[in-house]
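Written below as structure tokens is the structure these notes are about.
The values are calculated or read from the model by the stated rules, or taken from the named source; none is laboratory data. Just so it is clear, the model here is predicted, and its values are computed rather than measured. All Cβ positions, even for glycine, are placed from backbone atoms using ideal geometry, and neighbour counts span all protein chains on display. Ligands, DNA and RNA are excluded from the accessible area calculation, which covers all protein heavy atoms including side chains. Shrake-Rupley method; radii C 1.70, N 1.55, O 1.52, S 1.80 Å.
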There are 2 protein chains.
Amino acid sequence: MNENCELCASAGGEVLHADEALRVVLIDDAQYPGFCRVIWNAHVKEMTDLTPAERSRMMMSVMKVESALRETLSPDKINLASLGNMTPHLHWHVIPRYADDVHFPGAIWAHEQREPHAAKLAERAGQLDALRAAIRAAFAESNPEASSNAAKES
Amino acid sequence: MNENCELCASAGGEVLHADEALRVVLIDDAQYPGFCRVIWNAHVKEMTDLTPAERSRMMMSVMKVESALRETLSPDKINLASLGNMTPHLHWHVIPRYADDVHFPGAIWAHEQREPHAAKLAERAGQLDALRAAIRAAFAESNPEASSNAAKES
């Protein structure tokens, strides 16, 4: 816990999954509907500060989010990045990219290439409930107890 | 093999390690001495196009490069990214970042923040032989046969 760290102080987005090690959040980014982050709960700086088992757990979670994004949003490309230059608390960006998005084929941190395509963005925003469900299902599958508890609660 | 793909047609940098699945290359980037890439040999687009065992192999290799960079260059931060918007052939950027580099704390794809620090860059370039040795050693450790073959050849 680092008092000056925004990922220690807040969830960092709409929480779609949370366990004792990490959480998956959906980011509210007008240009990138479906932009998710996988955030390690503890204030750790680099992937190699984790144990090998923890690294694997982190990346398997990133892969679940990538799969859910591909299944529900069919992006032209997935971008994965762990930068942390501004917020050195381990987190992965999992970003669905489209040939019509404002930065493509550049990185989302590069200069914009075109105006936003409002109709396409609205269409993708309409797919977010399917994405939420796919991510929750992907994590419930590997954690039958949580799934069973969720079933009891509903 | 895709005839129009530069990572199918060429190594993509100075090869520090190569095996049947992937290769590690050192990039000649004046602003980022030590910038490495881990490139999957086959023309595959996304991480989730690999099998789980292959994903693990890829990420364990990225982690070896990250460790070697931290040990030999002591960067302020490591940046990891798999984008592939321009070259959709699976490859990871493993980038040592410093508070004095031209883009910090932005991504290397963002606009420049300052002039290059020539003395620091020269110092880091002088550490590249140590990096090369550390990466070779990291991959030789996990592959005693390759190590032994290399010893026979030398």
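For chain B, a Gaussian network of Cα nodes joined below 10 Å ranks B:Ser82, B:Ser67, B:Ser56 by mean-square fluctuation, and the top entry is B:Ser56.
Lys-Lys pairs in the protein assembly as shown that are eight or more residues apart or on separate chains and whose Cα atoms lie under 24 Å of each other come to 13.
Can you list the residues of the stretch A:44-87 that have at least 50 square angstrom less accessible area with all protein chains present than in their chain by itself, probe 1.4 Å? At a threshold of 50 Å² (probe 1.4 Å), the residues of the stretch A:44-87 that become less exposed are A:Glu46, A:Thr48, A:Met63, A:Arg70, A:Lys77, A:Leu80, A:Leu83, A:Asn85. Averaged per residue, the protein assembly as shown has 47 square angstrom of accessible surface, using a 1.4 angstrom probe with ligands and nucleic acids left out. Cβ screening of chain B for cysteine pairs under 4.7 Å finds these without a partner: B:Cys36. Among the helices of chain B (complete DSSP H runs), which have Cα atoms covering no less than 15 Å along the helix axis and a Kyte-Doolittle mean of at least -1.0? Once both thresholds are applied, what remains is B:52-73, B:128-141. Considering only GluC sites (Glu not before Pro) in DSSP loops that have at most 15 other Cβ atoms within 10 Å, the longest stretch of chain A without any of them is A:21-111.
Out of the stretch A:75-119, which trypsin sites (Lys or Arg not before Pro) are coil in DSSP terms and have no more than 11 other C-beta atoms within 10 Å?
The qualifying sites are A:Arg114.
So how many Å³ per residue does the convex hull of the Cα atoms of the protein assembly as shown work out to?
On the way: hull volume 45.8 nm³, N = 308.
Here the figure is 149 Å³ per residue.
Calculated translational diffusion coefficient of the stretch A:41-135 (25 °C, 0.890 mPa s; Stokes-Einstein with Kirkwood radius over alpha-carbon pairs) equals 164 µm²/s.
Enter the buried accessible area of the B/A pair, total of both sides, probe 1.4 Å, in Å² rounded to the nearest 100.
Working: alone 8610 and 8630 Å², together 14530 Å².
Using a 1.4 Å probe on protein heavy atoms, the buried area is about 2700 Å².
B:Asp29 exposes around 50 Å² of accessible area when a 1.4 Å probe is run over every protein chain in place. At R0 = 22 Å, how high is the FRET efficiency between A:Ser74 and A:Glu112 if r is their beta carbon distance? Nearest 0.05 is fine. Once rounded, the FRET efficiency stands at 0.45. Expressed as a whole percent, the accessible area of the stretch A:6-144 that falls on carbon and sulfur atoms is 53 (1.4 Å probe). Model label points for A:Val44 and A:Glu3, set 7 angstrom from Cα along the Cα-to-Cβ axis, are 2.5 nm apart. Read phi for every residue in the stretch A:4-19 and hand back ³J(HN,Hα) as whole Hz from Karplus 6.51 cos²θ - 1.76 cosθ + 1.60, θ = phi - 60°, with x for Gly and Pro. After applying 6.51 cos²θ - 1.76 cosθ + 1.60, I find 9, 9, 5, 7, 8, 7, 9, 5, x, x, 6, 6, 9, 7, 8, 9 Hz.
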